[in-house]
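In what follows, a structure is listed as structure tokens, so that the remarks can point back to it.
All of the numbers you see were taken from the coordinates with simple rules; none came from a lab. Quick caveat: nothing in here was measured; it's all calculated off a predicted structure. A quick note on method: Cβ atoms are made from the backbone with ideal geometry, for glycine too, and the neighbour counts reach across all protein chains shown.
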Amino acid sequence: MMQLVRQFHQVPEPLITAAGFVYKNSDNAIVRIDNNLSVTESAPDAEPFVLAAMVNGEVIIRTRDKIIAWDTDNNVRKEYPFNYTGSLQIKLLYDDNMIIRNKTDAGNGQLNWQVKDAGMRFQTTDQAILCFVNTEIWQINAADGTHLHCVNLSSYIKSAGIDPYANVIFRNNRMYLAGILDNIISEWNIKTGELLWHYRIHDTSKVGGRGIMIPATKDVFYVFDNRLYVLDSEQTLHVFERG
């Protein structure tokens, strides 16, 4: 079962990893929170920059003419030339390698299979494609599109008063929902459809269409081995940990 362990306020656009998270505050300083939830604040940078990633203990930032890998613990910076044209972006980081790509047009390809009415909330794994469709979890064979398993959550959703309009993450035979309007975080068994845990992060009087929401985007909801992060529309980051 998860429990709320910390809340951090005024956290705009955090970069969250299994080792902690980092964000830029209103003073243009870098704030870094490690896996022990210890806070380190680095001096603001004189040049405008964008936080790109946090990897191997370094914060990666981008300016208009360089990429900077910054060890904020020791205040050591490594700088690399970078010609920013507005179309380039840092996309992926693997170990010590940074992959930069520009905008390209997709090539023509052949349709192998399709599944109708599968919704827009899905995630791929090594074994299957997992979809959350209305109140059902579908497991689809990635090779041919056949249905491997389907489980209906409607009875649990109704009894717990959960709105299925939510951000979705699948991890280790579990599905996690972060309710966009109701602010309910929940954990589900994807094989049985059982509701394992749920928690409302704001009172019902504060949520809804004109209240506090969890934005409908993957960049506000993260699940790692024993920790869950969710960022609400007031820029409060809620940190849950498995007890």
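Observations, loosely collected:
- Label reach from Ala18 (point 7 Å along Cα→C-beta): in segment 224-238, amide nitrogens under 20 Å belong to 224-230.
- Rg ratio (alpha-carbon, reference 2.2 N^0.38 Å) - the chain: 1.14
- Förster radius 41 Å - calculated FRET efficiency between Glu234 and Asp73, Cβ distance, rounded to 0.05: 0.85
- Residue order, fewest to most beta carbons within 10 Å, for Met54, Met1: Met1, Met54
- Footprinting exposure proxy for Ser155, Ser42 (fewest neighbouring C-beta atoms within 10 Å first): Ser155, Ser42
- P(r) tail, segment 122-242: Cα-Cα pairs separated by more than 22 Å, 33% of all pairs.
- With the charge dipole of segment 105-173 set up from +1 on Lys and Arg Cβ and -1 on Asp and Glu Cβ about the Cα centre, the Cα lying farthest toward the positive end among the listed residues Cys131, Asn167, Gln114 is that of Asn167.
- Scaled radius of gyration (Cα, divided by 2.2 N^0.38 Å) that segment 127-176 gives: 1.20
- Taking other C-beta atoms within 10 angstrom as a stand-in for reagent exposure, Met2, Met175 fall in the order Met2, Met175, fewest first.
- Under 14 Å, Cβ to Cβ, from Ser233 - net charge with Lys/Arg +1 and Asp/Glu -1: -3
- Taking trypsin sites (Lys or Arg not before Pro) as exposed when DSSP calls them loop and at most 14 other C-beta atoms lie within 10 angstrom, the chain has its longest site-free stretch at 117-190.
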